[in-house]
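A.B. asks: Okay, here's the structure, questions in a sec.
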Amino acid sequence: MSKFIYGLCDMQSFYASCEVASREEFAARRKEFDDSTDPPLVVAGDPARRSGIILAATPTAKRWGVANAMRLGEALHLNKHLIVVRPHMEFYLQVSVRIQEVMRQVFPLQEQFSVDEGFFAFPVNSPLFPDPIEAARKLQQKIWDQFRIRSRIGMGPNKWIAKMSNASAKKSVSGIVWWHEEDVPALLRDLPVEAMWGLKKRAETLKMEFKAQTIGDVAAIPVGRLRARFGVWGEIIHRWSHGEDYSEINPDSYSSPHKGFSHRTTLPRDFYERSDVAVVILELLDEVCYRLRRAHQSGRRVGLGVVYEGMSGGFWKAKTLTYPTNSPDELYLELLALLDRHWDGYTGIRAVSVGVDMLQFEKAMQLNLFEDVPRRKELYATVDRVHERFGETSLIRAVSLTKAGQLRDRSGKIGGHYA
């Protein structure tokens with residue numbers, strides 16, 4: 001039996017809620033348990049051009065069929081009276097930091113999970129939290145009182161169940177759901193496979209190859225078969241299907257050593273030319289390598305991700321090197337090779353991501369018989385110092401001045417959106 005009750009607190013339509021709560025013309029008439037009192041507002045990439053995708057939408061906007069990741073033009077076709085605002089990422093991050101601090105004040109054992117989510121835990125039968133529902137309500141009330149943002153809280157015997165019950169909390173009038181440990185098997189049994197949080201594309205494999213339609217069907221699959229098909233993930237899937245999760249709250253999750261670095265950008269239009277895509281890859285790689293150098297780390301595996309036109313389809317492929325490096329000169333050639341090997345050369349590309357993992361700290365310098373490695377390291381150290389003092393665009397590659405270059409535009413953004 002679990003010794004703790006775990007919870008996940010999730011902010012409703014976070015970006016959109018921040019915008020509505022901060023605007024006097026909307027804030028006064030909003031009610032905590034009546035989301036129809038929100039205006040039909042969406043946060044999107046470029047309202048002036050009526051382009052980009054929907055990043056967040058209020059419940060009122062969603063009732064018209066508006067959904068996250070939908071193109072703004074399509075959303076306006078559903079409701080021409082939508083209130084469209086551009087994202088203010090710096091503002092959202094500031095609000096997020098303050099909300100996470102409120103969570104820690106209520107539940108000292110707390111872990112930030114994302115910009116709008118946080119896990120917490122407290123002992124079963126704790127004299128400080130004698131009524132778990134009331135404790136969750138206290139947090140929910142504090143967030144509403146201080147930020148006018150609605151939150152949804154799911155609780156259960158472990159973190160994964162807290163995440164699963166949070167999905168039910170989003171449909172609950174009170175916004176709080178507690179799955180008791182003895183009820184978990186019955187609550188999970190008839191849920192569809194797609195409802196298993198964290199599976200992503202593995203859910204489709206379970207349906208197609210194992211003929212599993214429900215979580216109960218997955219629980220009936222022998223763990224050996226799952227392990228043979230999914231490797232270590234088979235063990236995790238088996239545990240989840242039985243409502244088990246051994247992960248603990250990590251209060252230092254955002255300050256833990258990095259397992260990898262990556263950077264992604266969505267392009268303003270579909271790119272069809274290899275030379276244009278190569279410019280974007282190099283810009284992203286420079287950012288990743290800068291972060292590696294700042295952390296005094298190098299990586300042995302480099303990966304390239306591509307999303308095709310229409311934001312559908314694509315690939316993520318990686319290559320493991322024989323030695324770790326944080327040099328863009330070395331990694332760039334590997335990324336181009338991945339592009340040439342896996343891209344058909346004519347399908348439009350709308351998003352690109354670059355990542356480096358299998359990291360280790362730099363304890364020694366990897367020498368190359370044909371290169372002046374110390375001189376190259378000093379070059380990049382100098383470039384880093386210039387960027388840190390004068391800004392990211394104070395010294396850029398010439399290719400970033402071409403039409404394909406995205407660096408100058410991205411430099412004014414946070415998380416891919418204007419601050």
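The values are calculated or read from the model by the stated rules, or taken from the named source; none is laboratory data. Quick caveat, the model's predicted, so the values are computed rather than measured. Glycine also receives a Cβ, built like all others from the backbone with ideal geometry; neighbour counts cover every protein chain displayed.
A.B. asks: Checking the condition at negative phi and not assigned by TED's automatic domain parsing to the domain that holds Leu335, which residue from Arg264, Arg269, Arg294, Arg227 passes?
C.D. replies: Arg227
A.B. asks: Among the numbered conditions (1) surrounded by fewer than 14 Cβ atoms within 10 Å (Cβ to Cβ); (2) under 30 Å from Trp178 (Cα atoms), tell me where Glu24 comes up short.
C.D. replies: Failed condition: (2).
A.B. asks: Still on this model: Can you list residue pairs whose Cβ atoms sit under 7 Å apart, with the first residue in the range 194-208 being more than 26 Å from Leu8 (Cα to Cα) and the second being outside any helix (DSSP H, G or I)? Count only pairs 6 or more apart in sequence or on different chains.
C.D. replies: Close Cβ pairs (under 7 Å, with a partner that is outside any helix (DSSP H, G or I)) amount to Leu206/Ala212; Lys207/Gln213.
A.B. asks: Answer yes or no as to whether Arg189 is over 23 Å from the mean Cα position of the chain (by Cα) and not aromatic (Phe, Trp, Tyr).
C.D. replies: Numbers: over 23 Å from the mean Cα position of the chain (by Cα): yes; not aromatic (Phe, Trp, Tyr): yes.
Answer is yes for this residue.
A.B. asks: Identify, from the list Ser262, Ser327, the residue that is modelled with pLDDT of 85 or more and over 28 Å from Val115 (Cα atoms).
C.D. replies: Ser327
A.B. asks: Further question: Scan Leu41, Leu8, Leu55, Leu72 and give me the residue that is crowded, with 20+ Cβ neighbours inside 10 Å, in contact with a strand residue (DSSP E or B) (Cβ under 6 Å, 6 or more places away or on another chain), over 30 Å from Ala136 (Cα atoms) and not charged (D, E, K, R). Walk me through how you get there before you give the answer.
C.D. replies: Working: Leu41 fails: over 30 Å from Ala136 (Cα atoms); Leu8 fails: over 30 Å from Ala136 (Cα atoms); Leu55 fails: over 30 Å from Ala136 (Cα atoms).
Residue meeting the stated conditions: Leu72.
A.B. asks: For Gly299, only one of the following conditions fails: (1) under 29 Å from Arg202 (Cβ atoms); (2) not in a strand (DSSP E or B). What is its number?
C.D. replies: Only one criterion is unmet by Gly299, namely (2).
A.B. asks: Moving on. Can you report the number of residues in the range 303-355 which are buried (at least 19 other Cβ atoms within 10 Å of the Cβ), within 30 Å of Gly52 (Cα to Cα) and more than 20 Å from the chain's Cα centre (by Cα)?
C.D. replies: Count: 4.
A.B. asks: Another question, then. Test Arg264 against the criterion of being in a strand (DSSP E or B) and out of contact with any helix residue (DSSP H, G or I) (no Cβ under 9 Å at 6 or more places or on another chain), and give yes or no.
C.D. replies: Details: in a strand (DSSP E or B): yes; out of contact with any helix residue (DSSP H, G or I) (no Cβ under 9 Å at 6 or more places or on another chain): no.
No; evaluated as a whole, the condition is false for this residue.
A.B. asks: Conditions: (1) in contact (Cβ under 8 Å) with a residue 24 or more places away in the chain; (2) assigned to a strand (DSSP E or B). Gly52 meets all but one. Number of the miss?
C.D. replies: With respect to (1) in contact (Cβ under 8 Å) with a residue 24 or more places away in the chain; (2) assigned to a strand (DSSP E or B), Gly52 is out only on (1).
A.B. asks: Only one of (1) at pLDDT 90 or above; (2) in a strand (DSSP E or B); (3) among the β-branched types (Val, Ile, Thr) is not met by Ile281, so which one is it?
C.D. replies: Of the numbered conditions (1) at pLDDT 90 or above; (2) in a strand (DSSP E or B); (3) among the β-branched types (Val, Ile, Thr), the odd one out for Ile281 is (2).
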